[in-house]
Amino acid sequence: MSFSRFSDGGLIDRSRRIGFSFDGKRFEGYAGDTLASALLANGVSLMGRSFKYHRPRGLLSGGASEPNALVTIGDGETREPNLRASMVGLREGLVAESQNRWPSLGFDVGAVNSALSPFLGAGFYYKTFMWPAALWEKLYEPAIRKAAGLGRASHAPDPQEYEKRWAHCDVLVIGSGPAGLIAALTAARAGARVVLCDENSGFGGRLLKDRVEIGDADGPGFAASVIAELEANPNVRLLSNTTVFGTYDSGVYGAVERRDGAGSGPAQRVWRIVAKRAVLAAGAEERPLVFGGNDRPGVMTASLMRGLANAQAIRPGDHVAVFATGPSGHESARDLIARGLEVTLVDARAEIPAVELAASDGARLLAGHVVADALGGKAVSGVEAVNRASGERLRIGVDALAMAGGWNPVVHLACHRGDRPVWNADSGMFLPPKERDGLMVAGSAAGVLDLAGCLKSGAEQGARAASELGFKPKPADLPASREACGGSAGFTTLWHVAEARGKAFVDFQNDVTVADLGLAVREGYGHVELAKRYTTTGMATDQGKLSNVNAIGILAENRGLTPDQVGTTTFRPFYTPVSIGALAGEHRGAHYRPVRRSPLHGWAEKHGAVFIEAGAWMRASHFPQGEETGWKQACDRETLAVRASVGISDASTLGKIDLSGKDAARFLDLIYTGKMSTLAIGKARYGLTLREDGLLMDDGTVSRLGENHYLITTTTAAAGEAMAHMEFCAQALWPELDVRLASVTDQWAQITVAGPASREVLKRVVDADISEAAMPFLAVREVRLHSGLAARLFRISFSGELAFELAVPARHGEAVAEAILEAGKPFGIVPYGLEALNVLRIEKGFITHAEIDGRTTPGDLGLGKMVSGKKDDFIGQVMLSREGLQRADREQLVGLVPLNPAQRVLAGGHLLEPGAVPSMASDQGHVTSSCWSPHLNSTIALAMLKRGRERHGEVLIVWDPLRGIETEVRVSSPVFLEAPEEEPIAAVREYAPIAARDGGAPDLLDGLTVSASDRVSLTQLPDAPVCLVAGPMAKDAAVRRAAKAGDGTIRTVQPGQALVVGEAGEGFAALAARLGASADLSLCDLSDARVRFSLSGPEAAGIIATQSAVDTDAKLFKTGASAPTLFGHVPVQLTRLGKDDFEIMAFSTYARDLAESLSRAIRLLG
Amino acid sequence: MASLITCPHCGVRPKEEFTIRGDAGPVRPAPEAKFAAWDAYVHLRDNVRGVMKEHWQHSGGCRRWLVVERDTFNHAVHSVVDAAEFAQASAAKPGRKAAPAKPAKAASKGRGKA
């Protein structure tokens, strides 16, 4: 008789039938079943094949530790392998498949390995596949991997969605058995914020599986009443199906919530739980016994067998044997006898406590016996018991075998920070290490095995956790409890049955036997860490949850040591496997990292731009037209047009930093190589910054806008690094200086108009005298456009042509760019992208970060004159004077032109003298940048060449072994085009001025899900001015006073800096005027640099928790509170405007990306 | 998953909001200082196993530079102060030299990596 279902009883709902399939066959189970219990109810006890010998396997421990019943769930793209059938809740239409068998689970060709097992012992791979080495990768490894293994993942992109959330609590309780429930209840009643996690679908732990009484209630009834009280408490969060998988630094715990089959929302959610205290109440695993054939389907732990009978009404057969070394076996016997089964109880102890005998009354008792072997094939058919005293053997026919070998407390999470569990010889268990970082252990996890003790331990630890945090827990009033064997808990340790004849498995998942461990010891691999690797015991997905303690005991016996002398291997997260998808959360595909969009993104898109990722930005690479097919045709056309007439491009991605404060000039002198303090108001200067070691950090411009007001530009690539560097200088190196730095990159759309006709084009848009006299090279002016818009105009060039950069507030960027295009039509204006920009700068020998590569000095790049000799100090000054950085034979910037102009020269190629053998010694330098110059009709390149400036005219070889190219090149000046190609073009007639349309704030929520019924809604807040008020740190009070005058809410960024929001429709000037800020405070307009969203509704805080670690508990983050934080990877200012109402202020170039993330989280609410 | 750092301005935040720079001990020498002092400032760092003070920026928050006193062995954070206050306090001390980080007292024995 095989496994089946009792006709009554259990916690299943027999009115709800659930259909599922296993290996293509249709079955039915009930609500309340796991996949494993439903299979057993259908008589399926063979659930998998073992890793190495392909032995038939069934359910063994049934919980998180289940080593055998591994299945693949789902099909097609959603295949998820290696799931424990015992942890998969049954749901309609579930598709499950067994693993590691071919052609079928019942007939598996790989089972021949079992016959070959004498040759497949521990260390078999290492010994057998040593020669020839070349065959390892080609033949042995693929063959072994195919034969031995677990399930296969889907190779298709995962269509499921995942989410990550932060949670904050006073007390985290891990496990909801009797100890966990009472711990949570005690802490919650004291007023603590509690999170209770359980990895099963129901709360209660053993209360749902064992027949116990607490007060007037049975186990499930008691659990339900506690859960009901916890559910009603708003300070408690209950997370079922949630495995706490790791203990991390500073009281952070990782957990994964499995929501498969929930219908809507993410399939899985990773929680990062910040807990001031934690109570680990994870219980204990029942220890398997090690005897021959202990892996046959139908052999399982005693607690699993009775749990299945009690909770899912699983009938293991007509006649079962129980192999016991302690009370758990007698408890199982009691429960099965009560269900009318015939039970043979084989107890290794000669003397058995009377309470246990009383419990198992009715069983056929074989005291002082052990089970030497389980008999049968794909299912147990009998056992061979041995009288330990006489050696007499007898065979008994049974349908299933339960084993109760004692308990292993689940101490993993208490050991993840590096501590090891402690062996307790009296109880025969490894107990948790000394407490640390606020993690306490309660109940069976602490080695307390009786129900009354667990309740008491839970109450004590829950109370202690709460009182350590200042709460006043009431002493727990625990009801009396009753359980089998009167709470007798001790067991006898039996590491393995010496009388066994068949294979006796220690590690089921890796097919490690007692003999393998003995072999490891004999061959010198007896150390616990060596034995693990030699035999693979304790590896794979279950990481030895069931096997490690037995393995340690057996190693100890073999080596003549005690288990504590052998010790344990290292415990590390993850407690159970977590899918990569869950850990990645939303950060995959397009959202792998945030995307920044320039304020001109839409404009470029409209004009057909092809975009490429450049750092965080999407940048226009080129603007193909008409018949143009590749990027090169477009690039050549754009380049020629700029030098011949005029082009327009987007420079908005350059880093822009607003610098103010009375020591601003002094500060600039300290961070730039040149003397910036002499710069006149209304002028810009090119500047270099060094690292303190004297090498170049970045280049850019400094414009003086006022007495103590500057605008700094950095390269796009180094913008973040440059800002952090300047902040470091201002805050950590020279805190006595009064300087304020504000990123204004997002505030301005910066439009480059370059080419000999650029002045004529801009004249039509800008309402100001921009003649050579009024606007000479490096002039900076505040101007008005014909539309009346205030803007900044810079006479700066990165193309070597007459050129201007026009900066307008970001929202007006697209309209102004459109107006410039219109104005440029008579001159044949073209939009140009990054590719043309690169050609234009290489033709002129201008540098980028291809040349500023962390190894070059200003002198190397021919910019030695930009290093002031008149300053007493600047970053990098001293180290730049090092002999090594001043040597004459350093590599210097040169140009290269191939002798055959059509030949390619690619960046990265090395320079050699003709005939030289490539070697480090003969290396002359390398190519940094190259392009096709349509003006010279030739490939050109920039390179770093030893003593390069002396070597113009020399012929060298560019050696490019990666691409197999060798090119003869002539060294030249890095400036390929000397003077501008053309004189400035004067218009042949007067063209009418053009007024740009007014730009409006873009709708950033277009096309997104912005609400989930009445639970949460996301809106873009109306346009209102935003001002950064900044002063020295010491003036924080004055800053806050001024900030309060905005809309009444102070959005503090840092001491001495606050963001102020004005009224909707109010202009920046009006806001600035009414702040009444004293003259020594800076007011920086960020109205276009920030976008404000409102997130409101009861789920708003939950959505925020998917993005930020800020604890928005209403007591800690009150209305009016404001904090700068990260949402995902995007910086924001988060402000609470009301109970369920938050303002999220984001950098405008990140705003759409952020809106997409928030929208996704809202959509996942369902 | 995370470590937490308590920003003196923003409160408890995960380390993902911060960017580490390195040892906060070395003090920038005067421009006229001996070359050896500059060499030490730029190039020489102790490889501390134990408690040391480091510069971290709360780059994903207030953007202030901080001095985090941290145990490199077990990641315990002992104190966090604003870098400006730290610099001014160091400057106030005679000699204007921050004490080099003391050799570490390890919290416990080393752990092997499997």
Review point. Of the residues that sit in region B:48-66 and are crowded, with 24+ Cβ neighbours inside 10 Å and part of a strand (DSSP E or B), which one is nearest to the other protein chains (Cβ to nearest Cβ)?
Key: B:Trp65
Practice item. Considering only residues that are closer than 30 Å to B:Thr6 by Cβ and open to solvent by 10 Å² or more (accessible area, probe 1.4 Å), look in region A:248-268 and name the one that is farthest from the other protein chains (Cβ to nearest Cβ). Key: A:Glu257
Exercise for review: Could you tell me whether region A:1150-1165 includes any residue that is surrounded by 21 or more Cβ atoms within 10 Å (Cβ to Cβ), within 14 Å of another protein chain (Cβ to nearest Cβ) and in contact with a strand residue (DSSP E or B) (Cβ under 8 Å, 6 or more places away or on another chain)?
Suggested key: yes
Study note, to complete from the structure: If we ask which residues in region A:44-57 are open to solvent by 20 Å² or more (accessible area, probe 1.4 Å) and more than 21 Å from A:Gly89 (Cβ to Cβ), their number turns out to be 6
**Study point:** Test: A:Gly608 is more than 14 Å from every other protein chain (Cβ to nearest Cβ) and within 19 Å of A:Arg165 (Cα to Cα)
**Key:** no
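A:Ala551: open to solvent by 30 Å² or more (accessible area, probe 1.4 Å) and either of a type in the set (Gly, Ala, Ser) or in contact with a strand residue (DSSP E or B) (Cβ under 9 Å, 6 or more places away or on another chain) (or both), yes or no?
Values: open to solvent by 30 Å² or more (accessible area, probe 1.4 Å): no; either of a type in the set (Gly, Ala, Ser) or in contact with a strand residue (DSSP E or B) (Cβ under 9 Å, 6 or more places away or on another chain) (or both): yes.
Criteria not met by A:Ala551.
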Exercise for review: Scan region A:604-616 and report the pairs whose first residue is under 20 Å from A:Pro1131 (Cβ atoms) and whose second residue is surrounded by 14 or more Cβ atoms within 10 Å (Cβ to Cβ) and of a type in the set (Gly, Ala, Ser), with Cβ atoms within less than 9 Å and a gap of 6+ or a chain change.
Suggested key: A:Ala614/A:Ser621; A:Ala614/A:Ala717; A:Gly615/A:Ala717; A:Gly615/A:Ala719; A:Gly615/A:Gly720; A:Ala616/A:Gly720
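Show me the strands (runs of 3 or more DSSP E) entirely contained within region A:382-421 in which 1 or more residues are surrounded by fewer than 17 Cβ atoms within 10 Å (Cβ to Cβ). Before you say what the answer is, go through the steps one by one.
Numbers: elements: A:393-397, A:400-404, A:407-409.
Once the strands (runs of 3 or more DSSP E) in region A:382-421 are filtered for at least 1 residues that are surrounded by fewer than 17 Cβ atoms within 10 Å (Cβ to Cβ), what remains is A:393-397.
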Review point. Within the group A:Ala64, A:Ala96, which residue is assigned by TED's automatic domain parsing to the domain that holds A:Asp33 and in a loop (DSSP other than H, G, I, E, B)?
Key: A:Ala64
Revision key, fill the gap. Scanning region A:486-538 for residues that are open to solvent by less than 40 Å² (accessible area, probe 1.4 Å), under 16 Å from A:Val566 (Cβ atoms), touching an Asp or Glu at 6+ places or on another chain (Cβ under 9 Å) and assigned to a loop (DSSP other than H, G, I, E, B) gives A:Trp495, A:Thr537, A:Gly538
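Among the strands (runs of 3 or more DSSP E) confined wholly to region A:211-324, which include 3 or more residues that are hydrophobic (A, V, I, L, M, F, W, C) and closer than 29 Å to A:Ala1105 by Cα?
On the way: elements: A:236-239, A:242-248, A:252-258, A:268-280, A:284-286, A:299-301, A:319-324.
Answer list for region A:211-324: A:236-239, A:252-258, A:268-280.
Look through region A:554-566, keep the residues that are of a type outside the set (Asp, Glu) and surrounded by fewer than 22 Cβ atoms within 10 Å (Cβ to Cβ), and return whichever of them is farthest from A:Ala515 (Cα to Cα).
Within region A:554-566, the match that is farthest from A:Ala515 (Cα to Cα) is A:Gln565.
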Practice item. Of all residues in region B:77-86, count the ones that are more than 7 Å from chain A (Cβ to nearest Cβ) and without any contact (Cβ under 8 Å) to a residue 24 or more places away in the chain. Key: 2
Review point. With A:Gly755, A:Gly788, A:Gly800, A:Gly824 as the choices, which residue is within 28 Å of A:Lys606 (Cβ to Cβ), more than 43 Å from the chain's Cα centre (by Cα) and open to solvent by 10 Å² or more (accessible area, probe 1.4 Å)?
Key: A:Gly788
Exercise for review: Starting from region A:75-102, take each residue that is closer than 23 Å to A:Asp13 by Cβ and list its partners that are basic (Lys, Arg) and surrounded by 19 or more Cβ atoms within 10 Å (Cβ to Cβ), counting only C-beta distances under 9 angstrom and pairs at least six apart or across chains.
Suggested key: A:Met87/A:Arg258; A:Val88/A:Arg258; A:Gly89/A:Arg258
Review point. Which residues, taken from region B:17-38, are more than 12 Å from B:Val68 (Cβ to Cβ) and exposed (fewer than 15 other Cβ atoms within 10 Å of the Cβ)?
Key: B:Ala30, B:Pro31, B:Glu32, B:Ala33, B:Lys34, B:Phe35, B:Ala36
Review point. Looking only at region B:4-15, which residues are within 7 Å of chain A (Cβ to nearest Cβ) and either within 10 Å of B:Gly61 (Cβ to Cβ) or open to solvent by 20 Å² or more (accessible area, probe 1.4 Å) (or both)?
Key: B:Leu4, B:His9, B:Cys10, B:Arg13
Study note, to complete from the structure: Flagged pairs (Cβ under 8 angstrom, 6 or more apart or on separate chains; first in region A:212-228, open to solvent by 40 Å² or more (accessible area, probe 1.4 Å); second hydroxyl-bearing (Ser, Thr, Tyr)) are A:Glu213/A:Ser481
Study note, to complete from the structure: Result of the Cβ filter at 8 Å on region A:872-888, keeping first residues that are within 11 Å of chain B (Cβ to nearest Cβ) and partners that are among the acidic types (Asp, Glu), at least 6 apart or interchain, is A:Phe874/A:Asp669; A:Ile875/A:Glu692; A:Gly876/A:Glu692; A:Gly876/A:Asp693; A:Met879/A:Glu692; A:Met879/A:Asp693
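Within the group A:Glu721, A:Glu760, A:Glu727, A:Glu736, which residue is within 14 Å of chain B (Cβ to nearest Cβ), open to solvent by 20 Å² or more (accessible area, probe 1.4 Å), part of a helix (DSSP H, G or I) and charged (D, E, K, R)? Working first, answer last.
Values: A:Glu760 fails: within 14 Å of chain B (Cβ to nearest Cβ); A:Glu727 fails: open to solvent by 20 Å² or more (accessible area, probe 1.4 Å); A:Glu736 fails: part of a helix (DSSP H, G or I).
Result: A:Glu721 is the single residue among A:Glu721, A:Glu760, A:Glu727, A:Glu736 that is within 14 Å of chain B (Cβ to nearest Cβ), open to solvent by 20 Å² or more (accessible area, probe 1.4 Å), part of a helix (DSSP H, G or I) and charged (D, E, K, R).
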Review point. Out of all the residues in region A:422-438, which are within 14 Å of another protein chain (Cβ to nearest Cβ) and not in a loop (DSSP other than H, G, I, E, B)?
Key: A:Arg436
Check your understanding: So, in region A:838-871, of the ones that are open to solvent by 40 Å² or more (accessible area, probe 1.4 Å) and of a type in the set (Lys, Arg), which residue ends up nearest to the other protein chains (Cβ to nearest Cβ)?
Key -> A:Lys870
Point to revise | Identity of the residue in region B:26-41, under 18 Å from the mean Cα position of the chain (by Cα) and part of a helix (DSSP H, G or I), that ends up nearest to the other protein chains (Cβ to nearest Cβ) | key: B:Tyr41
**Study point:** Looking only at region A:1064-1117, and only at residues there that are free of Cβ contacts under 8 Å to residues at least 24 places away in the same chain and farther than 21 Å from A:Ala1045 by Cβ, the one that is least open to solvent (accessible area, probe 1.4 Å)
**Key:** A:Phe1117
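Say we look at region A:567-585 and pick out the residues that are touching a strand residue (DSSP E or B) at 6+ places or on another chain (Cβ under 9 Å) and among the hydrophobic types (A, V, I, L, M, F, W, C); which of these is most open to solvent (accessible area, probe 1.4 Å)?
Just the residues of region A:567-585 that are touching a strand residue (DSSP E or B) at 6+ places or on another chain (Cβ under 9 Å), to begin with: A:567-568, A:572-579, A:581-585.
Within this subset, residues satisfying the condition of being among the hydrophobic types (A, V, I, L, M, F, W, C) are A:574, A:578, A:582-584.
Details: A:Phe574: 81, A:Val578: 25, A:Ala582: 0, A:Leu583: 49, A:Ala584: 30 Å².
It comes out as A:Phe574.
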Revision key, fill the gap. Only one of A:Gly110, A:Gly63 is open to solvent by 10 Å² or more (accessible area, probe 1.4 Å), under 19 Å from A:Asp507 (Cβ atoms) and touching a His at 6+ places or on another chain (Cβ under 9 Å), namely A:Gly110
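The values are calculated or read from the model by the stated rules, or taken from the named source; none is laboratory data. Given the structure is predicted, the values throughout are model-derived calculations rather than measurements. So basically every Cβ, Gly included, is an ideal-geometry build from the backbone, and we count neighbours across all protein chains shown. Remember, those area values only see protein heavy atoms, side chains included, never the ligands or the DNA or RNA. Shrake-Rupley method; radii C 1.70, N 1.55, O 1.52, S 1.80 Å.
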